[in-house]
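The values are calculated or read from the model by the stated rules, or taken from the named source; none is laboratory data. This one's a predicted model, so the numbers in the text were calculated from it and none came from an experiment. No Cβ is skipped: glycine too gets one built from the backbone with ideal geometry, and neighbour counts run over all protein chains shown.
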Amino acid sequence: MGRYENRGSARERGYTRRWDKARATYLRSHPLCRMCEGQGLTVAATVVDHIIPHKGDQKLFWDIEGNWQPLCKFHHDSAKQAEEGRGYSGEVGLDGWPLDQKHPANRIRPPPGGGSKV
Ligand SMILES: [Zn+2]
């Protein structure tokens, strides 16, 4: 445990030097934005995103295999803003359909195999 000046900064939320290092290592082995990749684009990732917002939870914060994803800045900003503002992700899959089950579009889509025939 290092002793740092407390500036009420990002450090309080876990963004320490350990994070800086782990993040850099992660981006070296995961160099492409996952969301761009899902759309068939090759864009360098510059941000490590926590898929599930960690909100200070160290377990979620350091769950590298399960809770980290590489994103470009654009997708990081847009995804997080959308998610935090609306409670669901605006990320879409290859078919152009939102991936998040909480997305309103998924609430009205009939379940696979269900739905009435016209
Ligand atoms: Zn992207």
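Return only the number of the condition from (1) farther than 16 Å from Ser29 by Cβ; (2) in a strand (DSSP E or B) that Pro70 does not satisfy.
Every listed condition holds for Pro70 apart from (1).
Suppose we keep only residues that are farther than 22 Å from Ala22 by Cα and among the small types (Gly, Ala, Ser) within the range 32-53. Which one would you say is farthest from the ligand (Cβ to nearest atom)?
Gly40
Quick one: would you say Leu60 is in a helix (DSSP H, G or I) and either among the hydrophobic types (A, V, I, L, M, F, W, C) or more than 9 Å from the ligand (Cβ to nearest atom) (or both)?
Criteria met by Leu60.
Looking only at the range 79-89, decide whether some residue is at pLDDT 95 or above, in a loop (DSSP other than H, G, I, E, B) and within 16 Å of the ligand (Cβ to nearest atom).
Checked the range 79-89: no residue is at pLDDT 95 or above, in a loop (DSSP other than H, G, I, E, B) and within 16 Å of the ligand (Cβ to nearest atom).
Residue by residue through the range 1-57, note down the ones that are over 18 Å from Asn67 (Cβ atoms), small (Gly, Ala, Ser) and modelled with pLDDT of 95 or more.
Matches in the range 1-57: Gly40, Ala44.
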